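Novice: Please read through the structure below; I'll follow up with questions.
The values are calculated or read from the model by the stated rules, or taken from the named source; none is laboratory data. None of the values given here were measured: they were computed from a predicted structure. Glycine gets a Cβ as well: all are built from the backbone with ideal geometry, and neighbour counts include every protein chain shown.
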Amino acid sequence: MILNILDSPGNFTTHEDASILFALRLGYTEYFLDRYAACVILTFTYGKRTPTTLEDPDLQDMIRDRNRFRVVILPGAYLVDTFPVLRWLPGYLSELRRWHRDSIELCCRCLGSVQTRIEGGDDIPECFATDLLGNEKMSFDQAACLTGSMFYAGASITAAALVFVIMAAACFPDAAKVVQEEIDEVVSRDRCPKFEDRERLLQVIAFAYECFRWRPLVPSEIAHVASQDIIWQGYVSPKGATIISSPGRSFVPLISFLAPRILILRDGSLMGTRGRISNNSCMGSVEGGVLSCTTLFFKSVDSLLSFRVCPGSHIANRSLFINTALLL
């Protein structure tokens, strides 16, 4: 990916207008960030690598379904969100039903190809799909949908995170310079950064994490449904109510600056250039003088509505670290 960006820097992504800088427009063949993210996810999920471009038919269909999902999850995208009675009108939801069928067929086709290769005696590396196919407690359709969700949840988030890292470096060159100086001091100019350098590249980690505060990947969150009546500070959310959290307001008090410099104090708390920025319950623990793998974004945003942690956070964090170090 890094070599491709050096060869053709104008193709790493696109921006549609001044109001949505660096907005991703997948479906083309030379967007290296998207290709990299897709390659990582598909390797872990299906044990396959995408071709040198984004022309793989299954990958194109996954991108199509993901773009559809982006439309569907927007609050108020369909009138039925405001007038639920419309769901009973014949044909009103025909488009959504067709999209659902397309998505199920794609997921089953991708998992089916792995199953066919296994039955044919092909040498397939161990991956998420092979583990699920051996799970007798899960039906084929359930396994297909679960493997498909890995791409939808992982590829776009990884690519978007790297886009915001590049955007932050362009908007705040002084902050990027601090990171570059640390890389030159720790790694030198004779080789590229490696995963083994992570414990000594604190500014790289701080810069990447600060990008999540500066530009949350999902600022409007995803709608959740209350499974029971919820009473909070005198407000009642009845069972079945739609709840949308606002991490953008909770964790982004200011977007006009980027302050990635951190100090790890003796008590284990974190201190930024503008004062104490958080406690460990939000930022993650400190292990060996470096933040743990649970990032600010994955831990704090997930904890707004539950205590779950993103199951792919370890892969995402390592991917974010190495690419931030290589890009800067």
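Novice: With respect to Ala129, determine if the residue is touching a helix residue (DSSP H, G or I) at 6+ places or on another chain (Cβ under 7 Å) and not assigned by TED's automatic domain parsing to the domain that holds Asn323. Write out each step before concluding.
Specialist: Values: touching a helix residue (DSSP H, G or I) at 6+ places or on another chain (Cβ under 7 Å): yes; not assigned by TED's automatic domain parsing to the domain that holds Asn323: yes.
So Ala129 passes the test.
Novice: Specify which of the listed residues (Leu111, Leu132) is within 20 Å of Ile63 (Cβ to Cβ) and within 26 Å of the chain's Cα centre (by Cα).
Specialist: Values: Leu132 fails: within 20 Å of Ile63 (Cβ to Cβ).
Matching residue, one of Leu111, Leu132: Leu111.
Novice: If the requirement is being part of a loop (DSSP other than H, G, I, E, B) and in contact (Cβ under 8 Å) with a residue 12 or more places away in the chain, which of these qualifies: Pro90, Pro75?
Specialist: Values: Pro90 fails: in contact (Cβ under 8 Å) with a residue 12 or more places away in the chain.
Unique residue meeting the criteria: Pro75.
Novice: Among Asp102, Asp58, which is the only one that is under 26 Å from the mean Cα position of the chain (by Cα), among the charged types (D, E, K, R), at pLDDT 90 or above and part of a helix (DSSP H, G or I)? Even if it seems obvious, please write down each step before you answer.
Specialist: Working: Asp58 fails: at pLDDT 90 or above.
On inspection, the qualifying residue turns out to be Asp102.
Novice: Would you please name the residue that is nearest to Pro311 (Cα to Cα), looking only at residues in segment 93-123 that are surrounded by fewer than 17 Cβ atoms within 10 Å (Cβ to Cβ) and touching a residue at least 40 places away in the same chain (Cβ under 8 Å)?
Specialist: Ile104
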